[in-house]
Each structure stands twice: as structure tokens, then as C-alpha cells.
Amino acid sequence: MSRFNNDKVMPRYFAIAVVLTIIGIAVIGKALYIMTAKKQYWTEVANRLKRDSVSVKPNRGNILSCDGQLMATSIPEYKIYMDFKASAFEEGDSLWLDKLDSICEGLHQIFPSRTAAEFKKHLEEGRHKEWTNKKTGKKEVGSRWWNIWPKRIDYGTYMEVRQLPFFNMSKNKSGFTEEVFNARRRPFGSLAMRTVGGIMLAKDSAYYGLELSCDSILRGTPGITGRRKILNKYMNIPVTLPVDGCDIVTTIDVNMQDLAERALLDMLKSPQVNGELGVVILMEVQTGDVKAIVNMMKNENGQYIEGVNSAISYRCEPGSVFKTASFLVALDDEVADTSYHINTGSGVREMHGRWMKDHNWRRGGYGTINIS
């Protein structure tokens, strides 16, 4: 005898089918409602969660010395923050309080200029800071962007901080986050600073030296990407990839540059000279390659700095320099008569309708002199 009771089972199947049909109709109706009546609203919401044609900066090319040493390069730098509204704090402060002393001690080891107690006071100040939520208008406790350290740090230091207790958890949980900057650095410091040049990365503009003259080569080509918010995270969808800038190899020799700079500084600082400004240009005569350019001038504090590239900025004839070279050649070839006397008068003489003046003409000139 069959246990299937048709009178009891069929009404149940029928009821389930009706319920599922109603749910299906409701889903389709809701979809149609969203697609028509609510279309404008959800389009605006979608536009807030996506960005098209976001520019992606390429990596700027390096500037190298003649033997391949880095004279200017781009490196990432970081500013580190705490978000005290992260999930770890919403679940309770027990984990944070348990790890706080270890965090502060670790930060003190990485940044010795601030004690562990000072770090603890600073972080607790951020955790209890009150602020007004602009969306809701309500008072909230716990800063969302609290500086852990006020200055930018390099990648190595960032990774050290990242390994500390609590900070080594996921960013959404711990609240530890960072802001990345692309910084331009010269590994040799001020050496050949005016020749290598400088760049303002915040404004993305070079303003002197090789950085400026070769900017179109070093800059590269920006890319384009789209940005979509998926599962509360932004995802980048590349459209065109950026093309990194090219490296340039200069004729500058770092060792020669260093020696030339030291020699010029020793001369300028000597009591006999006490110079205001000095320039050295060192050229390889076989090839014409400039191996070193040094520009030193005394600033208002009495220190010598590379303030202006005087070697190429002053557009005037270096007459005195060529006189010395010409005399040396004449003496080497023994065509100069060192006993011959020349009357220079009072240091002023008419030359092709214009008066040519010696540097000491106000003091009466040199009178009668010979080559030696």
C-alpha cells in the first residue's frame, strides 16, 4: 500500500509553488521599479563609486654618471597614520591596550628622538580625540587620520613599523595605513647639485639643471586607468599603461667632480683668497666631455653653496682665462720675448672707437710692464 497521500501532499506543493511564483514576480517587479523609477538615483550612486580616465604617473627616469652611478633617482616615501575607527577598535580596545606598550617601545627603537612614553601619550591623544562627522553631524571619538610620525619615511623604515605588533594585522582591522609619495633624491647629496638639477614633484615640474633641460626624456608618458568600488575596496582597471621615462647618462665623473669641488673649496676658503665665487669646469680634451662642473658661492651665512650655475649662466667672454692659456702656449713654443716692454699707460685705451679699461684703471693702471 502506497504511503503517498495525494490529498495532503499536493496542496503543500501547490502552496510552495504559489509562494515561489509570488517571490519571483516581486523580484521582477522590484527590478523593473529600480530600472525605471529609481534609475536616476542609482546612476548617481554608481557614478560616486567609479572614476573614469584617472591619470597614472609614470616612473621618472634616472640621471647617471659616466660610469653608471646614480646621481638622481625617484624613490617612494611614506607618511604613516592610524585610523582609530577601524574594526579592531569597534570590537573593543582590549587588543590595542594589550599591545600598546610593545608598539610604543618598537616606535622608540625606530625613531629614537621620541621616547616610548611620548609615543604612548601621542597615540592615546588620537584615540580619544573628538570630532564632528560631517555626514551625520554627530560627535565621534577616535581620529581617522592620526599621524604616527610627522615626517616622511623611506621604504625600509616603513617596513620596520609595519612589522610591529598590532600594525602587522590587515589594514581594515588594525587601522594602520600610509600615504605614498614619489620623492626625487640625489644619492651624492649636494655634489653637482646645480648641474643635475631639481624637481618639484608636488607640482610635477623641473626648474633647473639636467632635470629641466632633459625633462621631456625623463618624464615619460602618463597612463589612464578606471577605478571601481567593489566589496568596499577600490579596484583599478587599466586602460592604457604608463610609459616610464628614459634614463640619461651624463659625462660627469663623480670622483673627478668630488676632487674638483674639494680643491675649489680649499682655494676659496684660504686666507689669501677668501673668495666670494669660484667655478671649475673640467673637460676631457680628446673627446670634449665635461667631466666636472663646480659652482661655489658664499651665502649670507658665510658658507659656500652651489647657488647658481655660474659656469654657464654668466654670458660674458672669459678673456682673462684665454690670455693665460695663450701666454702658456707662446712661452712653450719660445716665441714670446719676455724682455720686451709694453706701455699700458693708465689702464685706459681706445680700441675701435670704444674705451677699453683694465680692472685697476681707477688706481692708475700698471704703466710699463713686460710679459713676465
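Quick look at the numbers
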{"item": "Residues within the stretch 132-172 that are of a type in the set (Val, Ile, Thr), surrounded by fewer than 11 Cβ atoms within 10 Å (Cβ to Cβ) and in a loop (DSSP other than H, G, I, E, B), tallied", "result": "1"}
{"item": "Pair list, Cβ under 6 Å, 6 or more apart: the stretch 242-260 residue closer than 20 Å to Ala292 by Cα, other residue among the acidic types (Asp, Glu)", "result": "Thr251/Asp289"}
{"item": "Any hit, the stretch 204-216, residues being at pLDDT below 85, open to solvent by 70 Å² or more (accessible area, probe 1.4 Å) and over 27 Å from Ser87 (Cβ atoms)", "result": "yes"}
{"item": "Qualifying residue in the stretch 248-258 (condition: under 30 Å from Thr221 (Cβ atoms), assigned to a loop (DSSP other than H, G, I, E, B) and touching a Leu at 6+ places or on another chain (Cβ under 8 Å))", "result": "yes"}
{"item": "Residues (surrounded by 14 or more Cβ atoms within 10 Å (Cβ to Cβ) and either within 28 Å of Phe181 (Cβ to Cβ) or of a type in the set (Asp, Glu) (or both)) located in the stretch 86-98", "result": "Ala86, Ala88, Phe89, Asp93, Trp96"}
{"item": "Condition broken by Ile248, with the remaining ones in (1) closer than 20 Å to Gln69 by Cβ; (2) modelled with pLDDT under 85 satisfied", "result": "(2)"}
{"item": "Residues within the stretch 354-371 that are of a type in the set (Phe, Trp, Tyr) and open to solvent by 100 Å² or more (accessible area, probe 1.4 Å), tallied", "result": "2"}
{"item": "Residue in the stretch 78-88 that is of a type outside the set (A, V, I, L, M, F, W, C) and closer than 30 Å to Ile252 by Cβ present", "result": "no"}
{"item": "Which numbered condition Gln109 misses (of (1) surrounded by 14 or more Cβ atoms within 10 Å (Cβ to Cβ); (2) assigned to a helix (DSSP H, G or I); (3) under 30 Å from the mean Cα position of the chain (by Cα))", "result": "(1)"}
{"item": "Any hit, the stretch 297-304, residues being assigned to a strand (DSSP E or B) and aromatic (Phe, Trp, Tyr)", "result": "yes"}
{"item": "Close pairs (7 angstrom Cβ cut-off, 6 or more residues apart or separate chains): without any contact (Cβ under 8 Å) to a residue 60 or more places away in the chain and more than 18 Å from Asn370 (Cβ to Cβ) in the stretch 329-355, among the β-branched types (Val, Ile, Thr) and assigned to a strand (DSSP E or B) anywhere", "result": "Trp355/Val348"}
{"item": "Asp101, sole failed condition from (1) within 21 Å of Glu179 (Cα to Cα); (2) open to solvent by 90 Å² or more (accessible area, probe 1.4 Å)", "result": "(1)"}
{"item": "Which listed residue is open to solvent by less than 80 Å² (accessible area, probe 1.4 Å), at pLDDT below 85 and polar (S, T, N, Q), from Ser320, Ser346, Ser339, Ser270", "result": "Ser339"}
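So that you can scan it fast, the table gives a plain yes or no per residue for (1) without any contact (Cβ under 8 Å) to a residue 24 or more places away in the chain; (2) under 30 Å from Leu241 (Cα atoms):
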{"residue": "Thr21", "(1), (2)": "yes, no"}
{"residue": "Lys79", "(1), (2)": "no, yes"}
{"residue": "Leu97", "(1), (2)": "yes, no"}
{"residue": "Leu107", "(1), (2)": "no, no"}
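The values are calculated or read from the model by the stated rules, or taken from the named source; none is laboratory data. Just so you know, these numbers come straight off a predicted model, no measurement behind them. We place every Cβ from the backbone using ideal geometry, glycine too, and count neighbours over all the protein chains shown. Heads up: the accessible areas ignore ligands, DNA and RNA and are worked out on the full protein's heavy atoms, side chains in. Shrake-Rupley method; radii C 1.70, N 1.55, O 1.52, S 1.80 Å.
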